[in-house]
1. What list of ³J(HN,Hα) values in whole Hz, one per residue of the stretch 149-160 in order, does the Karplus curve 6.51 cos²θ - 1.76 cosθ + 1.60 (θ = phi - 60°) give from phi, with Gly and Pro shown as x?
2. How many percent of Cα pairs in the stretch 223-309 exceed 17 Å?
3. Given 10 Å bins starting at zero, what is the percent of C-alpha pairs of the stretch 149-234 in each, up to the one with the largest pair distance?
4. Ranking request for peptides 217-227, 433-443: highest mean number of other beta-carbon atoms within 10 Å first, then the rest in descending order.
5. Contour minus end-to-end for N466 and E162, with contour as 0.36 nm per residue of separation and end-to-end as the Cα-Cα distance?
6. What ranking, highest mean first, results for peptides 32-41, 444-453 when packing means the other Cβ atoms within 10 Å averaged over each residue?
7. ³J(HN,Hα) across the stretch 38-46 via Karplus (A = 6.51, B = -1.76, C = 1.60, θ = phi - 60°), whole Hz, x for Gly/Pro?
8. Quick query: amide H of K387 versus all other amide H atoms, modeled in the peptide plane; which residues come in under 5 Å with a sequence gap of 5 or more or a different chain?
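Read-outs: derived from the displayed coordinates by stated rules, not from any lab. Note that the coordinates shown come from a computational prediction; the quantities given were computed from them, not determined experimentally. Here the Cβ positions follow ideal geometry from the backbone for every residue, glycine too, while neighbour counts run over all protein chains shown.
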Amino acid sequence: MRFFPWGFWLLCVASAPARGDSGSKARSCAEVRQLYGAKGFSLSGVPQAEISGEHLRICPQGYTCCTSEMEENFANKSRSEFEAMTKEAGRSVQMTLTAQHRSFDSYFQDLLNKSEKALYDAFPSMYGELYTQNMKVFKDLYSELRRYYRGSNINLEEALNEFWTRLLERLFKLMNPQYHITDEYLDCMVKHAEQHKPFGEVPRDLKVKATRAFIAARSYAQGFLVGSDVVKKVSQVSLSHECTRAIMKLMYCPHCRGMSSVKPCNNYCLNVVKGCLANQADLNTEWKYLMDSLIVVADRIDGPYNVDTVIGTIHMRIAEAISNLQENKDSITAKVFQGCGNPKISTKGSSSEDKRRRGKVALEAKSSAQALEMLVLDAKGNLTALKTYWITLPGSLCSKKVMASSAADDKCWNGMTKGSYLPEVMGDGLANQINNPEVEVDITKPDMTIRQQIMQLKIMTNRLGNANIGNDVDFQDASDDMSGSGSGDSCPDDVCGKRLSKSPSTRQPETHAIPKQSGHGITGASSRSLPSAFLLLLSVAFIAAQHLWR
């Protein structure tokens with residue numbers, strides 16, 4: 001008779017804490033409902049107060065304000081929002097590079113246009129028929145120079161040689177109208193004239209200087225466009241399924257847990273974003289090389305290659321060459337006749353050549369050196385700032401877009417609850433994500449689109465390197481050089497042999513702070529306390545039974 005009251009009392013004592021937990025008042029879901037509606041979703045089926053979270057697949061399965069449908073919608077939303085963040089950051093870089101290209105291109109084209117206009121304005125009064133009857137030769141030269149600068153596959157040295165050859169043939173005939181000069185005779189004349197330098201040193205000097213200036217200018221302009229195109233294509237790379245889950249957990253799981261005001265821990269955010277943008281970070285090395293190469297060529301353009309003077313005075317060098325020919329007309333003609341024989345006298349007689357020397361018109365080249373100096377200075381500043389873009393992108397997104405808390409904050413969202421974040425921050429790049437605790441990253445499968453863009457950066461950097469030493473470069477479609485790209489050369493041999501899928505049996509343990517329990521919800525801590533209470537109950541019951549049996 002005495003056993004029943006003892007047993008009943010012990011059962012009541014042991015079960016009292018469990019009843020107290022289940023009886024606590026559930027928190028309101030007003031904040032989550034407001035956020036969910038603001039994102040454009042229907043509030044139908046959204047809980048008014050917290051519910052049990054066993055249904056959740058991404059967020060921690062404690063008490064929650066999110067249904068399965070809400071979790072899925074938030075996951076899709078986080079994906080689109082994160083992709084929008086990266087594209088926005090990329091657009092900023094694109095705009096910077098495009099603006100630099102536009103500024104230099106405008107300057108260079110204007111320089112060439114002014115030189116051509118000065119030639120058209122001055123040459124008629126300086127040379128009369130020597131110019132008017134050969135206007136097409138000059139127009140063709142400037143047309144070829146523009147085509148080369150814009151990327152056409154033209155041999156610039158050959159184009160300049162062709163110009164001087166055509167000009168010599170035309171002028172020789174005009175200066176000797178009394179003779180019948182055939183095409184065969186002109187071929188002989190050109191061969192003999194080359195050794196006599198009818199235009200003086202101008203053709204050789206202009207070819208050396210103009211070739212270096214044009215090679216540098218077009219490589220420089222092309223470099224900005226390639227950089228911008230790489231950013232555009234990389235920004236379009238979509239997130240993986242694992243990354244979508246990690247971004248959802250980072251951005252929206254705190255809302256589901258009723259912690260809307262709690263910001264994500266900074267290091268937690270960095271690990272998530274570094275895992276998601278691991279492939280992008282592998283662009284860093286070649287991207288930095290491209291920025292450095294553009295800076296070096298910029299110095300060449302404003303320094304040794306002296307683009308402003310060389311391009312802006314082309315018309316003046318042509319005028320100098322023609323004057324050299326006029327001044328040495330008799331000796332050049334005599335040497336040609338000696339080597340090729342005397343041509344036949346023309347039956348048409350002498351044409352109305354303008355025999356008298358025209359009054360010299362002063363040719364001026366308005367210097368825009370200061371404008372070029374400012375352009376180069378501005379470009380170098382922007383290029384320097386962009387060098388570390390790919391490895392600083394995670395930090396920039398976390399601080400400016402995700403609005404993560406400070407690094408020392410111990411009351412931030414760590415992926416499980418409000419507390420501190422203990423795991424270390426991963427390094428940059430795909431290979432360094434081998435132990436990323438937040439994102440499942442397969443380091444053996446680099447993104448092929450990004451590998452192709454790495455190859456594009458290498459090709460452009462090589463072109464700039466050639467331009468820096470004055471070597472011509474071929475601007476054919478770089479896709480022809482893509483063979484072998486994306487072979488995963490950034491993945492170390494000792495790592496690539498491992499398939500690093502973070503299944504429950506192999507995943508590294510996450511060391512988050514254990515949350516303090518506030519008396520509501522069924523948590524891991526409260527569930528672990530039940531076996532202890534049961535053991536206590538059995539022990540006390542056993543002691544009581546022994547006492548009764550005595």
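1. Using θ = phi - 60°, the values come out as 4, 7, x, 5, 7, 10, 7, 5, 4, 5, 5, 5 Hz.
2. On the way: 2436 of 3741 pairs.
When all Cα pairs of the stretch 223-309 are counted, 65 percent exceed 17 Å.
3. That works out to 14, 34, 22, 16, 9, 5, 1, in percent per bin.
4. Details: 217-227: 23.4, 433-443: 21.2.
Output ranking for 217-227, 433-443: 217-227, 433-443.
5. Numbers: separation 304, 0.36 × 304 = 109.44 nm, distance 2.42 nm.
Result: 107.0 nm gained on full extension.
6. Numbers: 32-41: 14.8, 444-453: 18.3.
The peptides rank, most packed first, as 444-453, 32-41.
7. Karplus-based 3J(HN,Hα) across the stretch 38-46 equals 5, 7, x, 9, 6, 8, 5, x, 7 Hz.
8. none
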